Each structure stands twice: as structure tokens, then as C-alpha cells.
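The structure appears right after this line, and notes come after that.
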Amino acid sequence: MSKLKLLTPLGCFCVTLTLSFQASASSDLLKKLYLKEKRQKENPKEVTLSGELGVLTASGNTNTSTFKGALTSEHEMPQWSNRYYSEIAYQQNEVDGSTVVTAQRFLVNAQLDYKLPSKNNRLFLYGEYDDNRFNGFRYQAAVAAGWSSHAWKSEESQLRYSVGPGYSYAEREIIDEENHKSYDTFNEMIVRASLDYRLELNDTAKFRQFVSTEAGQETNRSRSETTLTTSIIESLAMKLSFVMIYNDSTLQVNDDLSTETSISLVYQFF
């Protein structure tokens, strides 16, 4: 109260100076927050790692247990843009007191893109290993190299594709007339192509459509994955996926096409 009574010119000057300083400090703080957010958008994280987990257990008339887990990592560097993916799926049913495994798969793949001086153009190197107990193969492996590019890339969406020759190696299941199982090892040249489309629907929802195919004389393999991811909290999201896997072989007796529909939780580690 005493300060309000002593209203001298010098006192008024000091009050004005204080208010001016406070307004300037607030302006600087807002400017720093804006620049920080802008830098985060312009310079995304160099390394990201996310984990996916889906579990289903049913009991009663049908006793079923289903598990699906996946790890996805992307590494962005000045000269390289790399993506790593691994997936495990398992399902078992209880039939007449015994356990019957109906799905068991392990998949791992990686693609390394070397950035060329021209914008969005790259050379890629791809490798994968697929161990699926119920697709008629003991395992399938492939490597490929070629051209990769972005058809377009913006803050909201991007379309990325790659195509190039490769080489596949596999052990295929063979069952003779006496129902004896054996494996035939074969390898061949292939052509691999992939298409990756991503769209940010809003601040919390993302859509992705991925398609790949590997074509050779003996086998033709294709995979289509459609996903919708919605954020729950800062690092936790829910993911709805529909996957189609086509695996054709001249000697294969299993169904060529299989589909998977799943809902899982995704945690962004960093």
C-alpha cells in the first residue's frame, strides 16, 4: 500500500519498466516454445522403436490361446534411411485334452536405403527370413537390391516404393504317397517390389497400407498389410490390422492365401 501512495515520476517509470520486462519475457518464452515445436517437426527423431503386443485367450466350449508380438525400428541418418521389423505369432487349441498348435511363425526383415544426391531417390538393400510352420515351407529367405524413391512426401502423407532383382533360398515341404514328409531345397532369382503409403488422418490417428511381392519361376510371395493406429496416451496406441499373405508354390499343398485380423497395443519406446 505504501508503494501505491508514493506515486513519483521515478516510481511510475519503474512500474512501466517492470511491466515492459514481464511482457518481453513472456514473448521470449512463447517464441522459444514455438521454435522448439517447429524444430521437432522439421527434424524428426533419428531412431524410433515401437513394440506391439496382442493376446487372446478363450475358454469354455473352445479353449484357444493366441499371441502376436512385433518390434519395429526406423533409423534416419544423413546418408541412410533404415527400417527393421520382427514378428512372432503363435496359436494353440485344446482338443480332447490335448494341445494342437495351429499357427507358429517367426518373421524378420530389414531394408537399408542409401540416399542419393537427387531428392528422394535412393538405392536399397533388403533381406528377410520367414519361418512359418504351416505354409508348406521349413523356412524362406531372400535378399534383394535396387531402386527406392518417394513418389511424394509431405507432413500429412507419403508414398514410397522400391523395386529390384534378388535371390531367394528355401526348403519346401514334400509329402510322398506313403505320407512321409521330406524337404526339397531350392533357390532362384526373383524380382521384389514394395509400396508403402502412410497418411496422418489427424493428430492421433494414422493409416498405413503396405504391399510387397517377390516373383520367381518356382514361387510367388505377396504380403498386404492394412493398419489403423490411434493414440490412447502419449506413448501408447491401439492398432487394428488386416494382413493378407499369398504364398504360391508349384508343389505346395497348403492354401495359397491366408488372412489375419488383429487388435493390439503399441508402445512407443522412443
Of S98, S81, the only residue that is farther than 19 Å from L240 by Cα and either surrounded by fewer than 13 Cβ atoms within 10 Å (Cβ to Cβ) or in contact (Cβ under 8 Å) with a residue 60 or more places away in the chain (or both) is S98
Looking only at the range 226-249, decide whether some residue is more than 23 Å from the chain's Cα centre (by Cα) and either of a type in the set (S, T, N, Q) or under 25 Å from T66 (Cβ atoms) (or both). yes
If you go through K115, K32, the only one that is over 22 Å from L236 (Cα atoms), modelled with pLDDT of 95 or more, of a type in the set (K, R) and open to solvent by 30 Å² or more (accessible area, probe 1.4 Å) is K115
Out of curiosity, is T48 farther than 30 Å from I190 by Cα, in contact with an Asp or Glu (Cβ under 8 Å, 6 or more places away or on another chain) and not aromatic (F, W, Y)?
yes
Worksheet item: Restricting attention to the range 116-127, does a residue exist that is within 26 Å of E214 (Cβ to Cβ), not hydroxyl-bearing (S, T, Y) and not in a strand (DSSP E or B)?
Response: yes
Log entry, pairs with first residue in the range 193-217 being outside any loop (DSSP other than H, G, I, E, B), second being exposed (fewer than 13 other Cβ atoms within 10 Å of the Cβ), beta carbons closer than 6 Å, six or more apart or on different chains, reads E200/E156
Flagged pairs (Cβ under 7 angstrom, 6 or more apart or on separate chains; first in the range 121-143, within 16 Å of T185 (Cβ to Cβ); second among the β-branched types (V, I, T)) are Y129/V108; G136/V253; A142/I190
Flagged in the range 147-167 as surrounded by 17 or more Cβ atoms within 10 Å (Cβ to Cβ) and in contact with a Gly (Cβ under 6 Å, 6 or more places away or on another chain), in numbering order, are G164
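The values are calculated or read from the model by the stated rules, or taken from the named source; none is laboratory data. The structure displayed is predicted, hence computed values, not measured ones. Cβ sites come from the backbone with ideal geometry, for glycine too, and all protein chains shown count toward neighbours. Calculation scope for accessible area: heavy atoms of the full protein, side chains included, ligands and nucleic acids excluded. Shrake-Rupley method; radii C 1.70, N 1.55, O 1.52, S 1.80 Å.
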